[in-house]
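Structure first, then comments.
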Amino acid sequence: MNGRSMWLTFFLGGVMLTAAIPQRAQSPAAPSSLDEQARRSVAVNTLRAINTAEYAYKFRHGTFASWNVLLASGEFTGRGMHLAVQNEPQLVNEQFLKAPRILPGWMLRLNVTPDGKKYDILLEDQTDKTCGYAAITDERGVIRQSKTIDCDI
């Protein structure tokens, strides 16, 4: 085979392989409504405030706290909420309540280990009947968002 036919063979082989490999790119997520984005922002910024308050509480008391203890202690309404309000103006006039329904439409589950060294939080949107949106975090401070498996994030 001469160089030209060899090049043509490799080129056509490459084209055939490219066509044969399935294209598995993920389709982009459908854009969320503004109301849905606003509710997600409230959830994420509320969890940021709780994470901040948990560490302030741990610094002062040596352990993480349950939601009701955290709320009563003032760490949440102090520095934690101050930072959250800067990121999410919707939180300015919110009155947080004891668990589990800490805000209208939001259910909180905050678990602290018996030794007080770890915690995890689930903040669930009770108004999302279709996909069950929730935001999750723990003592590492990473915030995750989730929905039921049949719904796009």
Query raised in the report: Length gain on complete extension for the stretch V69 to Q90, per 0.36 nm per residue less the alpha carbon to alpha carbon distance?
Result: 5.2 nm
Query raised in the report: Summing +1 for each Lys or Arg and -1 for each Asp or Glu, what net charge is found among the other residues whose Cβ lies under 11 Å from the Cβ of G62?
Result: +2
Query - Peptides 113-123, 46-56, 133-143 ordered by average Cβ neighbours within 10 Å, highest first - result: 46-56, 133-143, 113-123
Query raised in the report: lysines within cross-link reach of K117: Cα-Cα under 30 Å, excluding same-chain residues under 8 positions apart?
Result: K58, K98, K147
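Just to verify a number: FRET efficiency for K117 and Q145, C-beta to C-beta distance, R0 = 35 Å, to 0.05?
Values: r = 25 Å, r/R0 = 0.73.
Computed FRET efficiency for K117 and Q145: 0.85.
Give, as a single signed number, the net charge of other residues whose beta carbon lies under 12 Å from the beta carbon of K118, with Lys and Arg counted +1 and Asp and Glu -1. Don't skip to the end; give the middle numbers.
Values: positive: K58, K117, R140; negative: E54, D115, D120, D138, E139.
Around K118, the charge tally is -2.
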Report summary line: Expressed in nanometres to one decimal, the distance between label points 7 Å along Cα→Cβ at C131 and S41 is 1.7
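A short reminder: the numbers here are calculations on the coordinates, not readings from a lab. Everything numeric here is computed off the predicted structure, so don't read it as measured data. Backbone-built Cβ (ideal geometry, glycine too); neighbour counts: all protein chains shown.
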